[in-house]
Structure formats: C-alpha cells, structure tokens
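Here the structure comes first, spelled out in structure tokens, and everything after it is commentary.
The values are calculated or read from the model by the stated rules, or taken from the named source; none is laboratory data. From a predicted model like this one, the values you see are computed outputs, not experimental measurements. With ideal geometry, Cβ positions are generated from the backbone for all residues, glycine too; neighbour counts draw on all protein chains shown. Side chains are part of the model used for accessible areas, which takes the heavy atoms of the whole protein and leaves out ligands, DNA and RNA. Shrake-Rupley method; radii C 1.70, N 1.55, O 1.52, S 1.80 Å.
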Amino acid sequence: MSKSSHIQELHRKHQSLSEKVDQEQRHPGADPIEIAAMKKEKLRLKEEISRLSGG
C-alpha cells in the first residue's frame, strides 16, 4: 500500500468514525464511555494522518 493510499484509508476511517460519533450523540441512551473511546480513536487517526502527511 502506498503512503498516499494509506493516508486516504485513514481519512475514510476518520470520516466514518466521525459519523458514528454524531449518530451516537443524538441517541438519548448513548454510552458516554463508548463515545469517548470513539473520539479518542478519531484523534489517534488524525494524529497519524498528520504525521504521515509531514506536518
């Protein structure tokens, strides 16, 4: 997998996770711990994208 395609895949995962977080936050019975875990994973992906992009 090329660096560019890897970064694109990370962007797709980040976007998908962002949508899941938004959906979960709309539900009244959403698990705040699960939402926090998803947000943490989003941040990890964003940091990896930044690192691979060179800044």
Subset of the stretch 27-55 (residues that are open to solvent by 100 Å² or more (accessible area, probe 1.4 Å) and modelled with pLDDT under 95): His27, Pro28
Do we find that Ile7 is hydrophobic (A, V, I, L, M, F, W, C), open to solvent by less than 100 Å² (accessible area, probe 1.4 Å), in contact with a Ser or Thr (Cβ under 7 Å, 6 or more places away or on another chain) and part of a helix (DSSP H, G or I) in this structure? yes
